[in-house]
Amino acid sequence: MNETIALGREALRAALDVRRKGDVAVSNPVCVYDLAESLGVEVKFVAVNSLGGMFAKTSNTILVPSLRPPGRRAFTCAHELGHWYFGHGDRIDELTVGEADCNSPREEQLADLFASHLLMPKWAVIAALSQREWDAHHLAVHQAYILACQLGVGYETILRHMWRTLHLISKAQAEALMKKTPKQIRRATIGTDTPDHLIIADRAWNTVPIDLQVGEKVLVPGPITSDCAQLAVVTALDSEVLLEALNPGITRIATADGTWSAFVRISRREFCGRSIYRHLEDSDVD
């Protein structure tokens with residue numbers, strides 16, 4: 001059997017086993033930090049630029065750089081969780097987590113493949129498409145962006161995975177979609193440039209909370225009923241509402257007609273510390 005195929009199958013089996021142990025359905029998105037904690041692996045966010053991620057076997061702890069974009073942070077955590085699952089021992093990974101190729105050490109390839117299958121299993125990607133009645137072969141830019149948001153990964157990450165691993169889209173299709181950058185997509189969506197992450201949560205968003213950092217925005221179905229200290233309305237239309245995260249904490253938003261709702265969890269900007277504390281309300285944040 002081709003070594004690449006064998007690695008892929010090993011990584012897929014491991015990812016499915018981890019989801020089973022964490023009681024997460026293969027068709028659902030997953031918060032990898034919550035999953036790791038449920039398996040007894042502590043996750044800590046650290047303010048460093050010198051590493052891509054770290055797994056310390058002796059303390060059963062994953063270190064995730066807090067200065068990275070949201071999708072990179074999640075993939076890093078999943079990559080290090082792969083090292084934990086396979087018993088690779090202490091690992092200090094460079095900035096290239098998520099970019100392992102056939103020339104990379106076997107353990108790094110395996111951890112990358114594990115992370116991809118854990119965060120974006122084929123069943124979850126197909127379910128997300130089918131809930132919205134979208135055709136992968138005619139996937140639009142904003143649709144791919146929404147999929148990336150719900151699965152908690154980067155825009156290019158999901159496109160490469162759908163092309164190279166899941167074979168749901170062609171190389172030409174993936175490359176055409178990747179001509180648009182997340183920054184351009186955000187501008188086209190909200191009409192202005194923003195350096196911060198933007199989540200688009202539509203009516204098919206379910207099973208996982210919407211996770212934000214202070215200052216980030218989320219576009220949700222509208223009109224909504226929400227009166228809390230954590231969120232502020234930026235713009236409100238009949239069909240959509242743009243919200244900005246103001247303060248750490250956990251709140252719930254719902255449409256006025258009661259047909260859609262979601263929990264929103266907000267952490268301090270570039271939060272450092274144990275992941276289980278990232279959504280605690282913070283009186284020091286104005």
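The values are calculated or read from the model by the stated rules, or taken from the named source; none is laboratory data. Keep in mind it's a predicted model, so treat the numbers as computed, not measured. Reconstructed Cβ throughout: ideal geometry from the backbone, glycine too, with neighbour counts over all protein chains shown. Side chains are part of the model used for accessible areas, which takes the heavy atoms of the whole protein and leaves out ligands, DNA and RNA. Shrake-Rupley method; radii C 1.70, N 1.55, O 1.52, S 1.80 Å.
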Sequence of Trp84, Trp205 from largest to smallest accessible area, 1.4 Å probe: Trp84, Trp205
Karplus-derived HN-Hα couplings along the range 68-73 (A = 6.51, B = -1.76, C = 1.60, θ = phi - 60°), whole Hz, x at Gly and Pro: 7, x, x, x, 5, 4
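Counting DSSP beta bridges in the chain, what percent are antiparallel, to the nearest 5? Don't skip to the answer; put the middle values down first.
Working: 26 of 38 bridges.
Expressed as a percentage, antiparallel bridges in the chain total about 70.
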Listed residues Leu237, Leu147, Leu16, most fluctuating in the chain (Gaussian network, C-alpha, under 10 Å): Leu237
Solvent-accessible area of Leu231 with every protein chain in place, 1.4 Å probe, in Å² to the nearest 10: 20
Rough spin-label spacing in nm, given labels placed 7 Å along Cα→Cβ, for Gln184 and Glu281: 4.3
Heavy atoms of Ser59 accessible to a 1.4 Å probe, total area in Å² rounded to 10: 70
Whole-number percent relative contact order across the chain, with pairs defined as alpha carbons under 8 Å at least 6 apart: 16
Long-range HN-HN contacts of Glu240 with modeled amide H, under 5 Å: Gly222
Of Lys21/Lys44; Lys21/Lys179; Lys57/Lys171; Lys21/Lys183, those spanning more than 30 Å from alpha-carbon to alpha-carbon: Lys21/Lys179; Lys57/Lys171; Lys21/Lys183
Percentage relative contact order, the range 165-266, counting C-alpha pairs under 8 Å, at least six apart: 22
Antiparallel bridges, percent of DSSP beta bridges restricted to the range 134-286 (to nearest 5): 70
Hz values of 3J(HN,Hα) by residue in the range 249-262 - Karplus curve (6.51, -1.76, 1.60), Gly and Pro given as x: x, 10, 9, 10, 10, 8, 6, 4, 8, x, 8, 8, 8, 7
By average C-beta atoms within 10 angstrom, highest first, the peptides 155-162, 41-48: 155-162, 41-48
In Hz, Karplus ³J(HN,Hα) per residue of the range 16-32 (6.51, -1.76, 1.60; θ = phi - 60°; x = Gly, Pro): 5, 5, 5, 4, 4, 5, x, 6, 10, 4, 5, 8, 9, x, 9, 8, 5
Accessible area in the full protein assembly, largest first, 1.4 Å probe, for Asp196, Asp238: Asp238, Asp196
Nearest-0.05 FRET efficiency for Glu270 and Cys228, computed from C-beta distance (R0 30 Å): 0.85
For the chain, size of Cβ-based charge dipole, Lys and Arg +1, Asp and Glu -1, in debye: 500
Computed label-point distance, nm, for sites Lys21 and Val48 using a 7 Å Cα→Cβ extension: 2.4
